[in-house]
Structures are given as structure tokens and as C-alpha cells.
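Structure, as C-alpha cells:
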Amino acid sequence: MIVVVLPAYNEADALPPLLRRLQTVSAGHFGSALRVVVVDDGSSDGTAEAARAGVSGLDVRVVVHPANRGLNEAMRTGLLAALEQAGGDDIVVTMDADDTHAPGLISRMTMLVEEGNDVVIASRYAPGGRVRGVTFGRRVLSRGASLLFRAVYPVRGVRDYTCGYRAYRAGLLKEAFARWGDQFISEPGFSCMVDILLKLRTLEPDPIMGEVPLVLRYDLKHGMSKMRAARTIVDTLVLMGRNLRGR
């Protein structure tokens, strides 16, 4: 089974085309083995209704936060909902709900998990990765963050520490939640994606991680980005400092 988790905040316009593309991928590769969990994180634009409308042939479950809690809380809710359905050998995929991640990559990512990887990241920095529709300044910040993390917290096989498009072996996530509980995803906002990787890398035996090249299509994004670059930088630097003291 493959469970796709979509944390969503005010994505009523983006979800329908994304769900249609997921249905196409499901019909072509996975059939009824692919399921979707949408976490509506306190949206005010009808995101939950758009998710519930779904598309024919695609199993979509909707979980609603009455108020906005942030990406970390939505991610935790989505992963726990996915693990309720998934066995240890199943695969959990996380994606952005804004239709900037191509669902066609899921088949390649899940294949690599089936071949022995525990985590597979859709990476902007893997050979063949590209970014379209992102400002030069944001690209520089993202690249700088990648180089900094690779220098301070090297993880074999990983270049992109912040992208939310990932495939996890469900058993690894179950182990992480068993160890850390709610503190498995404890960092606020977008820095939670780094937090997840830094915690997973400490498990024994160390998880095998790999990447596939991502073509990030921000030119297809509906509306403005919800990531606040300055806030994310501060949160990430605080996370790095805390981990360095711990080490």
C-alpha cells in the first residue's frame, strides 16, 4: 500500500488538479493500492470540501484541524493517519498540496524504497533536478541551506534537507513515533522537514536514504507561497544550534 499525505492550508484551487493527477498515477501504476490523506489545517477557502469532492477512483480521506496549527502539526496528523492504515512494509509519501510536485515521481520513489531505501527524497539538487518560477534570492538561500546542512549534518545520499516531497518506509516512521511520540515532529513551520531528517538519521541501524531529481514547478503554483523565508531561516538556525549543543 502507498499512502500519500497532503498537508493543506487554503489550497482549494490547487487540490482538484493535484488529485486528478494522483488518480492518473494510481490508475497507471498502483490501482487501489494508492490512498490519499488530506489534512486541512484550518483553511478558510473550502479546502476540505474540495478534497472531499475528490475524483472518481481515488480513495481520499480528509482530516480537518478547526484552526491553523502550522505545517509541523499538519504533517504529524497526516503521518499518524497514514500509519493507521499502513503496515511496516508499506510506503508513506508526503507532498505539498499546492500542485508544484509532480505525482509522476511517486512510482520511481516507491521503487527505490522497494529496492532497499528507507527514505527517498525528491531533490532539487540531485543531477537532473530543476527549479522553475522561484526568485533568484530564494534559490540562493535554498542552495546555501543545502550546503550548510551537508557540511554540519552530513547524511549519506542526501543533498536536499528541506523538500517535503519524500517517500518513507512506513516501518521507519512507526519506529520514530514509538521513540519520540509527539516530539518526533516538534519544530515549527517548514523547518520541521529538517527536524524529521535529523531525528531519523540517529536511529539504529542508520536508515538508508536516497534521492531522485525533482523538477519543482513553482510557476504552476496557485496563489502566493505560504513560506516566510526570514522566519524559516531563523527557525532552522535555532534547530541547528540546538542539535549542535546536543551533539
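The values are calculated or read from the model by the stated rules, or taken from the named source; none is laboratory data. These figures come from a predicted structure and were not determined experimentally. All Cβ positions, even for glycine, are placed from backbone atoms using ideal geometry, and neighbour counts span all protein chains on display. These accessible areas exclude ligands, DNA and RNA; they are computed on the full protein's heavy atoms, side chains included. Shrake-Rupley method; radii C 1.70, N 1.55, O 1.52, S 1.80 Å.
For residue 2, work out the one condition from (1) within 26 Å of residue 173 (Cα to Cα); (2) touching a strand residue (DSSP E or B) at 6+ places or on another chain (Cβ under 8 Å); (3) at pLDDT 95 or above; (4) surrounded by fewer than 24 Cβ atoms within 10 Å (Cβ to Cβ) it doesn't fulfil. Only one criterion is unmet by residue 2, namely (4).
Pick from segment 53-72 the residues that are assigned to a helix (DSSP H, G or I) and within 30 Å of residue 183 (Cα to Cα): which of them is least open to solvent (accessible area, probe 1.4 Å)? By that ranking, first place goes to 72.
For segment 88-116, the set of residues classified as assigned to a loop (DSSP other than H, G, I, E, B) and hydroxyl-bearing (Ser, Thr, Tyr) consists of 100 only.
The residue list 160, 96 contains one member that is within 18 Å of residue 4 (Cα to Cα), of a type in the set (Asp, Glu) and touching a residue at least 40 places away in the same chain (Cβ under 8 Å), which is 96. Taken together, the residues in segment 127-137 that are modelled with pLDDT under 80 and open to solvent by less than 60 Å² (accessible area, probe 1.4 Å) amount to 3. Selection of segment 138-187 for residues being of a type outside the set (Gly, Ala, Ser), open to solvent by 30 Å² or more (accessible area, probe 1.4 Å), at pLDDT below 95 and touching an Asp or Glu at 6+ places or on another chain (Cβ under 7 Å) yields only 159.
Checking the structure you have, find out if any residue of segment 76-87 is in a loop (DSSP other than H, G, I, E, B), of a type outside the set (A, V, I, L, M, F, W, C) and exposed (fewer than 15 other Cβ atoms within 10 Å of the Cβ). Yes - at least one qualifying residue is present in segment 76-87. Restricting attention to segment 5-52 and to residues that are assigned to a loop (DSSP other than H, G, I, E, B) and on the phi < 0 side of the Ramachandran plot, the residue that is surrounded by the fewest Cβ atoms within 10 Å (Cβ to Cβ) turns out to be 44.
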